[in-house]
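Worksheet for the structure shown next.
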Amino acid sequence: MSDLQHDINVTCPFCFETIDIRIDSTEGARQSFSYDCEVCCRPMTVTVVLGGEGVVSAEAREES
Ligand SMILES: [Zn+2]
């Protein structure tokens, strides 16, 4: 099974709400991108690591 899209959950570092983000695995095994929180609209940096089994880790931190 090799889905090209994965849904990840990260916790906003500002308002601590859980946010669902859909990512595309064809973008690379390690992805880092800016994302505006859907709840508080502040910008965070999301880092996602993908492995053969899917999402290995996903985290968000304050954009510096
Ligand atoms: Zn937020």
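Read the figures in this text as sums done on the coordinates, not as results from a lab. Nothing here was measured: the structure is a model prediction, and the numbers come from that model. Please note: Cβ atoms are built from the backbone with ideal geometry, for glycine as well, and neighbour counts cover all protein chains shown.
Could you compute how fast region 5-62 diffuses translationally, taking Rh as the Kirkwood radius over C-alpha pairs and applying Stokes-Einstein at 4 °C with viscosity 1.567 mPa s? Give it in µm² per second.
For the chosen part, D equals 114 µm²/s.
From the phi of every residue in region 51-64, what ³J(HN,Hα) in whole Hz does the Karplus formula 6.51 cos²θ - 1.76 cosθ + 1.60 yield, where θ is phi - 60° and glycine or proline is x?
x, x, 8, x, 6, 8, 8, 8, 8, 10, 9, 4, 6, 9
Taking the Cα centre of the chain as origin, sum charge times position over the Cβ atoms of Lys and Arg (+1) and Asp and Glu (-1), and report the length of that vector in debye to the nearest 20.
About 160 debye.
What is the sum of charges, Lys and Arg at +1 and Asp and Glu at -1, for the other residues whose Cβ falls under 12 Å from the Cβ of Val48?
Spelling it out: positives minus negatives among the neighbours equals -2.
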